[in-house]
């Protein structure tokens, strides 16, 4: 992003990327509480957030990579998962500020699987390249998004097992799948972009302006 601050604090239409992401869960009747996992250096900037987002109950320092940060967030609620007080966990990237309430509803409606994730089909011109040459034209490829929804006890045990055996996942779904859980993919949302580059930020500004 070439920004002097963490990109989650960048402004989009008068609100930071982080604030927009938190607002979805704050206003959703489907969500009871939030745990925010972030860089240790950013924790002081999070201190005022619980006063603005009443569902934000815990702020946790993350790990060096995504996998470690997810595990840190789970450990913060592990006693209540074990006690049966939390039955479902949603895991979301803070830099996806345009996920919708409808997406949350569809994710949480998938009770028949251990996990449920949103995704969009990859462009049909995507190819597999090996040693600089086209090796295949794979079909049925999807770009996976967040939020991702999981049965809480399953997710916690999958991460505990991964910690014991040294497995590191690329995202939450990969940890659950590695541990033997079934993952359903539902249709994602085109506006549910992940803001990574300046071009993504410009795209986000357009999405925000269209929603005013």
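The values are calculated or read from the model by the stated rules, or taken from the named source; none is laboratory data. Worth saying up front: this structure is predicted, and the values here are computed from it rather than measured. Positions of Cβ are backbone-derived with ideal geometry, glycine not excepted, and every protein chain shown enters the neighbour counts.
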Quiz item: For the range 93-112, how many residues meet the condition of being part of a helix (DSSP H, G or I) and more than 13 Å from residue 192 (Cβ to Cβ)?
Solution: 2
Self-check item: Within the range 16-42, considering residues that are over 19 Å from residue 195 (Cβ atoms) and in contact with a strand residue (DSSP E or B) (Cβ under 6 Å, 6 or more places away or on another chain), the one surrounded by the fewest Cβ atoms within 10 Å (Cβ to Cβ)
Solution: 40
Self-check item: Qualifying position, being out of contact with any strand residue (DSSP E or B) (no Cβ under 6 Å at 6 or more places or on another chain), over 29 Å from residue 155 (Cβ atoms) and in a helix (DSSP H, G or I), among 209, 174
Solution: 209
Practice problem: Check off (1) modelled with pLDDT under 95; (2) under 19 Å from residue 190 (Cβ atoms); (3) surrounded by 11 or more Cβ atoms within 10 Å (Cβ to Cβ) for residue 120 and give me the number that stays unchecked. | Solution: (1)
Practice problem: Scan the range 123-149 for residues that are closer than 19 Å to residue 189 by Cβ and either at pLDDT 95 or above or surrounded by 12 or more Cβ atoms within 10 Å (Cβ to Cβ) (or both) and jot them down. | Solution: 141, 142, 143, 144, 145, 146, 147, 148, 149
Self-check item: Lone qualifier among 158, 173, 163 - being closer than 20 Å to residue 76 by Cα and in contact with a helix residue (DSSP H, G or I) (Cβ under 6 Å, 6 or more places away or on another chain)
Solution: 158
